[in-house]
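Here is the structure we will look at.
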Amino acid sequence: MRRFTAFGWLLGVVAAAYLPCETASGDLQPASAAGVQVVPAQAWEAAPTLAGPMPEGGFPVPLNGTQPNSVVPANVMGGSSITAEPLLSDTVYRNRAWRADFGVMPSGTLHATGQFADWPDDPMNGIRFNLGYETDHGWGTRFRLSVLGQTWTGPGGGAVLELMTGTGSVDFYKRLFLESTEVVVGMGLGTGEVTVRVNNRQSDFGSGGGTAFTELWHPLLRFRRWDVGFAGRARVTVTMGSWENTLGSGTVDETEGDTMTISEIAWGLEFRRRFGVQQDHYWYMMLLVDTQSFNSPWLTVNTGSAISFSGLNLTVGIAY
């Protein structure tokens, strides 16, 4: 190989030296005589292959996009390095992931005037749990469970008041990416449970039906690994079921043909923190104002009351 390389170099020098070249006078003469500098041929070397993880602190590689914040070595660009800007138009959160979160909801009851008008306005506790999987195209499925409860005992162990509500659903949804904004739309199967107890009388409502919902996240502040954004969500679940007296004469007359509309709306802030080699995972925390309403026509007609809750929702989750 070295023998052929040396031969090619010598041949190039000789050919260039005797290659005709036009002078100022229009005559043709060898290039060496015309004062033209002859540069010997150089052996070609392939540029090194880029490998390894992206630099620390850069954005992850978005789907269908080039790697932002990536550094191209100087020997590839001919002596200078360049750094690409983050592609904020192609969200960094578009990744397939398991998603799970757990939230606590300290709330207060908001009863309409009626049989339960004197219900104590003490804080009540609630929890919410979500678990699901989402593809890198935004299609997802999740299981959702929410429970709110309150038990109050009067002075001296007299009156006993208990209110329990629960909702569950299997959600099917699509997450849309509008530049950096995320919009979730979906529907699924839902259930609704209500228990109302006053002293030695208790009634339970069990039902099932459909649910539809939408969610929104829009970044307000963006940092190297942190994002702070506005979060909002709304859901309506319509179920059909029956009221049953499970203790004494019950608090709501029995019926087998009632519907319940469960409305939920929440808004606030969501903090996200990315992690991983490509920053393709993140954990998040939401602080929301959360309001729920359980509207049953039979409950309103029979007792002149309605059940609503309003309070805070503190949720911590992970997308991995």
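The values are calculated or read from the model by the stated rules, or taken from the named source; none is laboratory data. Bear in mind the structure is a predicted one, so any value in this text is a computation, not a measurement. Cβ sites come from the backbone with ideal geometry, for glycine too, and all protein chains shown count toward neighbours.
Just for strands (runs of 3 or more DSSP E) wholly inside the range 211-320: which have at least 1 residues that are on the phi < 0 side of the Ramachandran plot, more than 15 Å from the chain's Cα centre (by Cα) and free of Cβ contacts under 8 Å to residues at least 24 places away in the same chain? Write out each step before concluding.
Values: elements: 226-247, 255-275, 281-295, 307-319.
Where strands (runs of 3 or more DSSP E) fall fully within the range 211-320 and carry at least 1 residues being on the phi < 0 side of the Ramachandran plot, more than 15 Å from the chain's Cα centre (by Cα) and free of Cβ contacts under 8 Å to residues at least 24 places away in the same chain, they are 255-275.
Out of all the residues in the range 246-269, which are touching a Pro at 6+ places or on another chain (Cβ under 9 Å) and crowded, with 16+ Cβ neighbours inside 10 Å?
Asp258, Met260
Which residue is surrounded by the fewest Cβ atoms within 10 Å (Cβ to Cβ), if the candidates are limited to the range 160-198 and must be over 30 Å from Ser242 (Cβ atoms) and in contact with a Leu (Cβ under 6 Å, 6 or more places away or on another chain)?
Val183
Considering Leu247, Leu299, Leu269, which residue is within 30 Å of Arg94 (Cα to Cα), in the same structural domain as Thr181 (by TED's automatic domain parsing) and not charged (D, E, K, R)? Please lay out each step first, then the result.
Values: Leu247 fails: within 30 Å of Arg94 (Cα to Cα); Leu299 fails: within 30 Å of Arg94 (Cα to Cα).
After applying the criteria, what remains is Leu269.
Restricting the search to the range 272-300, which residues are over 30 Å from Asp253 (Cβ atoms) and aromatic (Phe, Trp, Tyr)?
Passing the criteria: Phe275, Tyr282, Trp283, Tyr284.
Which one of these does Trp243 not meet: (1) within 30 Å of Gly317 (Cα to Cα); (2) among the aromatic types (Phe, Trp, Tyr); (3) surrounded by 14 or more Cβ atoms within 10 Å (Cβ to Cβ)?
Status for Trp243: all satisfied but (1).
Going residue by residue through the range 228-239, is there one that turns out to be of a type in the set (Phe, Trp, Tyr), surrounded by fewer than 16 Cβ atoms within 10 Å (Cβ to Cβ) and more than 17 Å from Asp171 (Cα to Cα)?
Yes, the conditions are met somewhere in the range 228-239.
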